[in-house]
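Remarks on the structure that follows.
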Amino acid sequence: MSKQILLISFLGILVFGFIGCKKTTPAGCSAAWASELSEQAAAVSTAAQAYALDPTQENCLAYKAAYQAYIDALEPYGNCATLTGADRDAWQQAIDDARENVNNIDCS
């Protein structure tokens, strides 16, 4: 599970480091991503803690759902025009890796 948390942190750092768009830019292109995604990030943290303390199938599924919702909310930030070239490739790879990690969480 620590690998998933590390990947979430990495995604957040990528967003913070590479996106510096103005307020007039399209949705998903904001430098205020941390506050905009605070609800999703808090949900992942809460679900991860609950699952770590009580690794039931129900808590696992809740963790997977929260993690997926966070990735879904984070993904549009990759559409910012200032994210180009290798940065955009790294962004997409991080999103793809995160989705793969979610898919690989076994809740059975």
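Cβ-Cβ distance below 6 Å, separation of 6 or more or different chains: which pairs start in the stretch 88-108 with a residue that is in contact (Cβ under 8 Å) with a residue 12 or more places away in the chain and end on one that is surrounded by 11 or more Cβ atoms within 10 Å (Cβ to Cβ) and part of a loop (DSSP other than H, G, I, E, B)?
Trp91/Leu83
If you go through the stretch 35-74 one residue at a time, how many are part of a helix (DSSP H, G or I) and free of Cβ contacts under 8 Å to residues at least 40 places away in the same chain?
Final tally of qualifying residues: 24.
Output yes when any residue across the stretch 83-90 is of a type in the set (Lys, Arg), part of a helix (DSSP H, G or I) and touching a Gly at 6+ places or on another chain (Cβ under 9 Å), and no when none is.
yes
Looking only at the stretch 52-75, which residues are touching a Ser or Thr at 6+ places or on another chain (Cβ under 9 Å) and within 13 Å of Ala41 (Cβ to Cβ)?
The answer is Ala66, and nothing else.
Rundown of residues vs (1) loosely packed, with under 15 Cβ neighbours inside 10 Å; (2) of a type in the set (A, V, I, L, M, F, W, C), yes/no style:
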residue: Ala41; (1), (2): no, yes
residue: Leu61; (1), (2): yes, yes
residue: Ala66; (1), (2): no, yes
residue: Glu75; (1), (2): no, no
residue: Thr84; (1), (2): yes, no
residue: Ile105; (1), (2): no, yes
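Of the residues in the stretch 78-92, how many are in contact with a Leu (Cβ under 8 Å, 6 or more places away or on another chain) and under 20 Å from Gln40 (Cβ atoms)?
Residues in the stretch 78-92 being in contact with a Leu (Cβ under 8 Å, 6 or more places away or on another chain) and under 20 Å from Gln40 (Cβ atoms): 1 in total.
Would you be able to tell me the number of residues in the stretch 46-81 that are touching a Gly at 6+ places or on another chain (Cβ under 8 Å) and at pLDDT 95 or above?
Within the stretch 46-81, residues that are touching a Gly at 6+ places or on another chain (Cβ under 8 Å) and at pLDDT 95 or above number 0.
The values are calculated or read from the model by the stated rules, or taken from the named source; none is laboratory data. For clarity, every value in this text was computed on a predicted model and none was experimentally measured. No Cβ is skipped: glycine too gets one built from the backbone with ideal geometry, and neighbour counts run over all protein chains shown.
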